[in-house]
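The values are calculated or read from the model by the stated rules, or taken from the named source; none is laboratory data. Not measured: the values here are computed from a predicted model. Glycine also receives a Cβ, built like all others from the backbone with ideal geometry; neighbour counts cover every protein chain displayed. Heavy atoms of the whole protein, side chains included, go into the accessibility calculation; ligands, DNA and RNA do not. Shrake-Rupley method; radii C 1.70, N 1.55, O 1.52, S 1.80 Å.
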Amino acid sequence: MRMRVAHGDLSKARDARGAHGGAGILRYMSLYDKDAFETPWLFVHWGALKPSGGIGYHAHNGCEEMFAIFSNRARFTHNKNTAELWGRVCVPCRMGEAHGLYNPTTEDAYWMNFCVAGPSGKYDCEDFKDDLVNAPLGPVDRLPTGWFSRPALTPMPSAYGGKGTIFFRRVWGPEDFKTNWGFIGHVVVPPGCSIGYHTHRGMEECYVIIDGRGRVTVDGETREVGQWDAVLNALGGSHGICNHTDRDLEIVSMAVAEKKGKLEAEDLGDDLAGR
């Protein structure tokens, strides 16, 4: 299977005005949509919340969604609680919960949205006609926040048979969701280190490069990737990544299982350092 690398590029994104009744402009593109997946994964979207732009207050009863920002700051609303958060952070919206997002600043906020379907296999939405521009601010600890924080990472030597020591944290796991969402992880691969070649027989995984460069291998094909590249590993596929550069490679990894909670992996005996 040909490697499926998608790249976030604002010049190729489109402007969505009034997204779910939100204010201003959301500039976005679909890195992967439903047709790319074999699990209940529905899409991976990437883009930028423009100044005074946002996504209106809405809920999903048949799927679970997560908003993340990687730069600047934004106001996240979750079940009527609003707080201003700095990137890099993600906030999940589980089935039956409500959420929205607003950028009150004068600069773009780089944004991503991941969505996984429930038993129906479909996307659903109920808009509440609130752009959240005037939502009163409350405490951060009332939101379910997942931070992509380097100090929170822990060392992982020889990850999947890889070279050296990487640093990892599982930000959210399968116990945090009602759907087959497997996890959201934060990974830093130092220079000369790698995540070894491995396979997942019961889940799909996607790497999103948020900083640095590396060489990713998927099903025997190796390619160089950089910031805002996304690489999808299909159900039953094999993958890994090596940092061949002199600076850290930083990744957000996410996975969706074929069966809830089934996240098995098998090492394939290749540290990929020579690829």
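Worth pointing out:
- If you go through segment 3-19 and keep only what is assigned to a helix (DSSP H, G or I) and open to solvent by less than 50 Å² (accessible area, probe 1.4 Å), you end up with 10, 19.
- Strands (runs of 3 or more DSSP E) within segment 204-243 that include 2 or more residues among the β-branched types (Val, Ile, Thr) and either more than 15 Å from residue 268 (Cα to Cα) or out of contact with any strand residue (DSSP E or B) (no Cβ under 6 Å at 6 or more places or on another chain) (or both): 221-225
- Counting residues in segment 262-274 that are open to solvent by 30 Å² or more (accessible area, probe 1.4 Å) and without any contact (Cβ under 8 Å) to a residue 12 or more places away in the chain gives one or more.
- Residues of segment 1-45 that turn out to be in contact with a Gly (Cβ under 7 Å, 6 or more places away or on another chain) and either free of Cβ contacts under 8 Å to residues at least 12 places away in the same chain or closer than 24 Å to residue 174 by Cβ (or both), as a count: 2
- Residue within segment 27-41 that is assigned to a strand (DSSP E or B), open to solvent by less than 10 Å² (accessible area, probe 1.4 Å), touching a strand residue (DSSP E or B) at 6+ places or on another chain (Cβ under 9 Å) and at pLDDT 95 or above present: yes
- Test: residue in segment 185-206 that is under 28 Å from residue 120 (Cβ atoms) and free of Cβ contacts under 8 Å to residues at least 60 places away in the same chain: yes
- The single condition among (1) open to solvent by less than 70 Å² (accessible area, probe 1.4 Å); (2) in contact with a helix residue (DSSP H, G or I) (Cβ under 7 Å, 6 or more places away or on another chain); (3) closer than 17 Å to residue 98 by Cβ that residue 181 does not satisfy is (3).
- On inspection, residue 120 passes the criterion of being polar (S, T, N, Q) and under 24 Å from residue 61 (Cα atoms).
- The single residue among 204, 224 that is of a type outside the set (Ser, Thr, Tyr) and open to solvent by 20 Å² or more (accessible area, probe 1.4 Å) turns out to be 224.
- Unique residue being in contact with a Leu (Cβ under 8 Å, 6 or more places away or on another chain), touching a residue at least 24 places away in the same chain (Cβ under 8 Å) and open to solvent by 40 Å² or more (accessible area, probe 1.4 Å) when the list is 213, 247: 213
- Residue match in segment 235-244 (condition: closer than 17 Å to residue 185 by Cβ, modelled with pLDDT of 95 or more and touching a Pro at 6+ places or on another chain (Cβ under 6 Å)): yes
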